[in-house]
1. Quick check, is A14 among the aliphatic types (A, V, I, L, M), surrounded by fewer than 15 Cβ atoms within 10 Å (Cβ to Cβ) and out of contact with any strand residue (DSSP E or B) (no Cβ under 6 Å at 6 or more places or on another chain)?
2. Mind listing just one residue for me: the one in the range 19-71 that is assigned to a loop (DSSP other than H, G, I, E, B) and of a type in the set (V, I, T) and, of those, nearest to D7 (Cα to Cα)?
Amino acid sequence: MLCDSGDFKKVLAAAPTIPPATSEGLYYYNCVKPDADKVQSLFISLTPDQRKALLNAFMSEGYDINFWPCR
């Protein structure tokens, strides 16, 4: 859904602090040739500010990340 709808490209575009090569890798290894290890490696390479920008970009597109409702 995230890839087919084009939302992931919008999310990556909304996080301009992430280097283009990293954004391209995140898209490729999430959507074109899924590889969880490579996605994890790319995510780990992000600085805390870049991770926050990615989180905010997901939220700006209406996605909740690591949301745990109260029970």
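1. The answer is no for A14.
2. I65
Residue-wise test of (1) among the β-branched types (V, I, T); (2) touching a helix residue (DSSP H, G or I) at 6+ places or on another chain (Cβ under 9 Å); (3) at pLDDT 95 or above.
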position	(1), (2), (3)
Y29	no, yes, yes
L42	no, yes, yes
P48	no, no, no
E61	no, yes, no
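The values are calculated or read from the model by the stated rules, or taken from the named source; none is laboratory data. Values in this document were obtained by computation on a predicted structure and should not be read as measured data. Quick reminder, even Gly has a Cβ in these numbers, built from the backbone with ideal geometry, and neighbours come from all protein chains shown.
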